[in-house]
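Engineer: I am attaching a structure below and will ask some questions about it afterwards.
Values in this text are rule-based calculations from the coordinates and carry no lab data. Nothing here was measured: the structure is a model prediction, and the numbers come from that model. Neighbour counts are summed over all protein chains in view; Cβ atoms, including those assigned to glycine, are modelled from backbone coordinates with ideal geometry.
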């Protein structure tokens, strides 16, 4: 995972996902289309991948299936935060990671799939059952990030190849 600037997202790549503009009531859905293609279909649309433009991208989750890269855009206060996740084959097969699904509210019931990355971390348990004070490391999994991977499961996508 890496933080990037919004203009580092390639506008010409075929993406799946959604863009939700600050002045729109519903998100724009992309189905294997570029941001440029999507933007051309909207009247008087601004350059989407620039800082400081209005209207701006309030939220977006985008998946580049060919490059296996997920982009997340979230508007927080006066800042647009962009994250880039490279999804590797071993991330999918890693038993610590898991795919989760969320049902959309404003995208005709589409299912949004995310890959959750879980990393081992030691937390310290204070004391024990008898009340004795012992500091003992207890390994646990902590979610490191959640990357959008499209409107279908990764397993379905792998089977189609």
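Engineer: Would you please put 8-14, 87-93, 100-106 in order of how densely packed they are, using the mean number of other Cβ atoms within 10 angstrom per residue and starting with the highest?
Structural biologist: 8-14, 87-93, 100-106
Engineer: At q = 0.10, 0.16, 0.23 Å⁻¹, what base-10 log of I(q)/I(0) does the Debye formula yield for segment 2-86 when every alpha carbon is treated as an equal point scatterer in vacuo?
Structural biologist: Log10 of I(q)/I(0), two decimals: -0.20, -0.54, -1.19.
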